[in-house]
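Peer 1: Below are the structure tokens for one structure; questions will follow.
The values are calculated or read from the model by the stated rules, or taken from the named source; none is laboratory data. In this text the structure is predicted, and so the values were computed from the model without any measurement. Cβ sites come from the backbone with ideal geometry, for glycine too, and all protein chains shown count toward neighbours.
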Amino acid sequence: MLINNSSLGSHERLTIKKSTFEWIGLIFLLIFSFLNSITLLISLILLLTLLKQRQVGAIKIINLITFRTIINPGIAVGIENWQNLKWIILFGCSFYLLCSYFKLGKNELKRVNSIILLVILFTIYNIIVAFVFSSLPIVAIFKLLSYVVIFIGTLIGVGYTYKKVNWLNWMLKLLSLVFLPSIIFIILPVGYLRNGVSFQGIVNQPNMFGILAVLFIALVLSNAQMNKNINKLYLIVVPTLTVIMVILSKSRTALISCLILFLLYILLLNIKNISKIIVISFLSIGAFILVLGSNINEFFITYLYKGQEQGGILNSRVGQIESLTSNLLNNPWFGNGFAVPVLPYKSYGFSFEYIVEPGNLILSVLSYSGIFGFFIFLAYIIKIFWVNKREFKNIAFLPIAPILISMGEMVFFSSNNIGIWCYMFLAIYIFDNQMVKAGYN
């Protein structure tokens, strides 16, 4: 069967033009939402027009809302005034994606069924723990469902749509909207709005900027592994600029995570690419020297110790660690309820005001769900890694990055924050080699 190459080329050009037009429209819509509370409301409503693309549109909506949530308050009005609407949209899109489960093919079902069953087991277990042991059972169940519904919905949605959209490239473009404009903010006061010292770019706080940088680098490196024709200058310059901004953000979790990803990339490189290793190494060293100047000792005191010359490096996290440890010892086997504080009384009321800062993924799960719950959680995380083990060497960065950042800034369960991007990374990893078979590279 002969294929008309000119016709195919024309179709590809048309697709590229439609994609570019959509991105331009989305960028203008996001900027429009920056102006005030009313334009933000209008933008959230207009985002719903993406549902014309059905499941693809639903995935785009929840990711774009995540993007809008973390924007620097110095350049955009906060989304807090429309928090209830935000949750309605997130849950609505997620339930819509959940319905796609019955449309999945046999291969897709094989990849996600065991994971979903373990997540459901984790959910049932934590609902029981909430009613029996938690101080705030209703709040705990809401936070649990906000994680589980959106997490499973994202897995199913990506599994149903990967033949239509290369989600790895789409996410790379979305996160590029965070980091490319942030370069300009290095020289602007608003780029240091939170505390006047640590760099946050167009993001709402420096630590958030740092962990997003880890996700961005994971996408860049994954794209490099999957696309051997990637521009080598881009592969060197973009991660180097990102690391410089991470250093300026003073995020220890981010810097350590970035270094781990780079080391992993070097380990996964073909030995023939030794020249890349040398170039990247020298550029990284140069970036450190450029940012640090001559006073290395002062840097380590300021950066690693957060300015605390006495005591341990983890002084700034002592409160979090002690609180989590205390909660764990309070009920080590079953935990104290999902993402809620331990109070001296039991309340069946509901409020968004009960906020916890868990800080570390492992300690958090142990505190929330106890040892039994931790093993269920660990089981489905291991299953996610295992389900696409054949492609692990190419896209190991995708499942590793969300785990790394959650060891210092525990955002994994936070669908209200960037948890959705963690779920996207895991979903893309699960189906990535299937995307290649569908015609993407």
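Here's the yes/no breakdown for (1) in a helix (DSSP H, G or I); (2) under 24 Å from Ile59 (Cα atoms):
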position: Val112; (1), (2): yes, yes
position: Tyr125; (1), (2): yes, no
position: Phe131; (1), (2): yes, no
position: Ile138; (1), (2): yes, no
position: Tyr160; (1), (2): yes, yes
position: Lys164; (1), (2): no, yes
position: Leu172; (1), (2): yes, yes
position: Gly201; (1), (2): no, no
position: Asn207; (1), (2): yes, no
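Peer 1: A follow-up question, please. Just to be sure, is Ile115 touching a helix residue (DSSP H, G or I) at 6+ places or on another chain (Cβ under 7 Å) and surrounded by 20 or more Cβ atoms within 10 Å (Cβ to Cβ)?
Peer 2: On the way: touching a helix residue (DSSP H, G or I) at 6+ places or on another chain (Cβ under 7 Å): yes; surrounded by 20 or more Cβ atoms within 10 Å (Cβ to Cβ): yes.
In short, yes.
Peer 1: Right, another one. Taking the condition surrounded by fewer than 17 Cβ atoms within 10 Å (Cβ to Cβ), aliphatic (A, V, I, L, M), assigned to a helix (DSSP H, G or I) and touching a residue at least 40 places away in the same chain (Cβ under 8 Å), does Ile236 pass?
Peer 2: Values: surrounded by fewer than 17 Cβ atoms within 10 Å (Cβ to Cβ): yes; aliphatic (A, V, I, L, M): yes; assigned to a helix (DSSP H, G or I): yes; touching a residue at least 40 places away in the same chain (Cβ under 8 Å): yes.
So Ile236 fits the description; yes.
Peer 1: Quick one: would you say Leu329 is among the aliphatic types (A, V, I, L, M), assigned to a loop (DSSP other than H, G, I, E, B) and more than 22 Å from the chain's Cα centre (by Cα)? Spell out the reasoning first.
Peer 2: Details: among the aliphatic types (A, V, I, L, M): yes; assigned to a loop (DSSP other than H, G, I, E, B): no; more than 22 Å from the chain's Cα centre (by Cα): yes.
Criteria not met by Leu329.
Peer 1: In region 353-387, what count of residues is obtained for those that are of a type in the set (Phe, Trp, Tyr) and under 22 Å from the mean Cα position of the chain (by Cα)? Please lay out each step first, then the result.
Peer 2: The initial filter retains those residues of region 353-387 that are of a type in the set (Phe, Trp, Tyr), namely 354, 368, 372, 374-375, 377, 380, 385-386.
Now narrow it down to the ones that are under 22 Å from the mean Cα position of the chain (by Cα): 368, 374, 377, 380, 385-386.
Summing the residues that are of a type in the set (Phe, Trp, Tyr) and under 22 Å from the mean Cα position of the chain (by Cα) in region 353-387 gives 6.
Peer 1: Next up: So which pairs qualify, if the first residue must be in region 201-224 and in contact (Cβ under 8 Å) with a residue 40 or more places away in the chain, the second must be crowded, with 24+ Cβ neighbours inside 10 Å and charged (D, E, K, R), the Cβ gap must be under 7 Å, and the two must be at least 6 apart or on different chains?
Peer 2: Cβ pairs passing all conditions: Asn207/Glu409; Ile211/Glu409.
Peer 1: Looking only at region 369-395, which residues are among the aromatic types (Phe, Trp, Tyr) and either assigned to a loop (DSSP other than H, G, I, E, B) or at pLDDT below 90 (or both)? Quick ask: steps written out before the conclusion?
Peer 2: Here is the first cut: in region 369-395, the residues among the aromatic types (Phe, Trp, Tyr) are 372, 374-375, 377, 380, 385-386, 392.
Selection gives Phe392 alone.
Peer 1: Considering only region 88-110, how many residues are in a helix (DSSP H, G or I), touching a residue at least 40 places away in the same chain (Cβ under 8 Å) and either out of contact with any helix residue (DSSP H, G or I) (no Cβ under 8 Å at 6 or more places or on another chain) or of a type in the set (A, V, I, L, M) (or both)? Lay out the reasoning, then the answer.
Peer 2: Restricting attention to region 88-110, the residues satisfying the condition of being in a helix (DSSP H, G or I) are 88-103, 106-110.
Checking the rest, the ones that are also touching a residue at least 40 places away in the same chain (Cβ under 8 Å) come to 89-91, 93-98, 100-101, 103, 107-108.
Then drop every residue that is not either out of contact with any helix residue (DSSP H, G or I) (no Cβ under 8 Å at 6 or more places or on another chain) or of a type in the set (A, V, I, L, M) (or both), which leaves 89-90, 97-98.
Count: 4.
Peer 1: Right, next: Taking the conditions exactly as written (surrounded by 20 or more Cβ atoms within 10 Å (Cβ to Cβ) and touching a residue at least 12 places away in the same chain (Cβ under 8 Å)), does Phe122 satisfy them or not? Spell out how you get there, then give the answer.
Peer 2: Values: surrounded by 20 or more Cβ atoms within 10 Å (Cβ to Cβ): yes; touching a residue at least 12 places away in the same chain (Cβ under 8 Å): yes.
Yes: the conditions hold for Phe122.
Peer 1: Look through Ser146, Ser43 and report the one residue that is within 21 Å of the chain's Cα centre (by Cα), closer than 27 Å to Trp167 by Cα and crowded, with 18+ Cβ neighbours inside 10 Å. Write out each step before concluding.
Peer 2: Numbers: Ser43 fails: within 21 Å of the chain's Cα centre (by Cα).
It is Ser146.
Peer 1: When you look at Ala401, is it touching a residue at least 60 places away in the same chain (Cβ under 8 Å), surrounded by fewer than 23 Cβ atoms within 10 Å (Cβ to Cβ) and among the small types (Gly, Ala, Ser), yes or no? Spell out the reasoning first.
Peer 2: Working: touching a residue at least 60 places away in the same chain (Cβ under 8 Å): yes; surrounded by fewer than 23 Cβ atoms within 10 Å (Cβ to Cβ): no; among the small types (Gly, Ala, Ser): yes.
No: the conditions fail for Ala401.
Peer 1: I would also like to ask the following. Return the residues of region 396-441 that are at pLDDT below 90, hydrophobic (A, V, I, L, M, F, W, C) and more than 20 Å from Leu366 (Cβ to Cβ); say none if nothing qualifies.
Peer 2: Met435, Val436, Ala438
Peer 1: Would you check if Ile244 is in a helix (DSSP H, G or I), of a type in the set (A, V, I, L, M, F, W, C) and in contact (Cβ under 8 Å) with a residue 60 or more places away in the chain?
Peer 2: On the way: in a helix (DSSP H, G or I): yes; of a type in the set (A, V, I, L, M, F, W, C): yes; in contact (Cβ under 8 Å) with a residue 60 or more places away in the chain: no.
So Ile244 does not fit the description; no.
Peer 1: If a residue must be assigned to a loop (DSSP other than H, G, I, E, B) and either under 15 Å from Asn416 (Cβ atoms) or of a type outside the set (Val, Ile, Thr) (or both), how many such residues does region 50-75 contain?
Peer 2: Kept after step one, since they are assigned to a loop (DSSP other than H, G, I, E, B), are these residues of region 50-75: 54, 70, 72-75.
The next check asks that each one be either under 15 Å from Asn416 (Cβ atoms) or of a type outside the set (Val, Ile, Thr) (or both); those that pass are 54, 70, 72-74.
Count: 5.
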